[in-house]
Amino acid sequence: MTDLRTKFEAVLRLGRHLPQNPDMAFLLGFLSGNLNRLHFVRSLEGAPVAIAVAGGRRYLWPGGAFSATVHSVPVPLPGPLVGALAENDEPICVRVSLDDPVDAAWFEPLLVDSYETVRTGLKSDSLSDRVRGVRRRIDQALDVYRECRRLLDEGKGEDEARLKFFLGVAETEIEGLGHQLSDLNGRLRERDGRSVDEGREAD
């Protein structure tokens, strides 16, 4: 399984090949804040969230730099796609096509065959699993924040604007996930409290 730091580097590399516009930066920022959901695949077949991106000359033909579907419904622009993805926690499958042979080769070890490979590794979505998942996402967002700070401190000039954007996304993600975690913990306490009360009634 690809580690989160490598996925973050993949998002940065991908951003260098894609059109430099606010919508695409918004999408890349969202992906950097949801690395645990992000999976690079060879085939998008069967993926509920399917994104195809192409860089360099590849995006000129046949279908542009970006296309996406959510549950088979086409989403033509990155902005509305982020809005749809923010409302669920499903895996995000991305197929990358690059004409730069060096970066294309770099991405190869990250690839899994398809969504089916991703799906078989998913755990059950119990309340406790969701709490653990949110905690992992908070740790991930903190890692992204620290990595952005480190790279900025090292003076990576070519990516400075993008790194600052990702830094802001990570800060927003941490705040939002903190609220989610509080809500889930409250629901856990309520559930456990009911279990105790039911046990007493049975006695």
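Structure data summary
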| item | result |
| --- | --- |
| Highest average packing first - 170-177, 183-190, 80-87, Cβ atoms within 10 Å | 170-177, 80-87, 183-190 |
| Protection-proxy order for peptides 90-96, 160-166, each taking the mean of Cβ atoms within 10 Å per residue, highest first | 90-96, 160-166 |
| Anisotropy class of the stretch 10-91 from Cα gyration tensor, a/c 1.5 cut | rounded |
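Throughout, read-outs are computed from the coordinates displayed, never taken from laboratory work. Because the structure is a prediction, the values reported are computed rather than measured. Note that we place each Cβ from the backbone using ideal geometry, even for glycine, and neighbour counts take in every protein chain shown.
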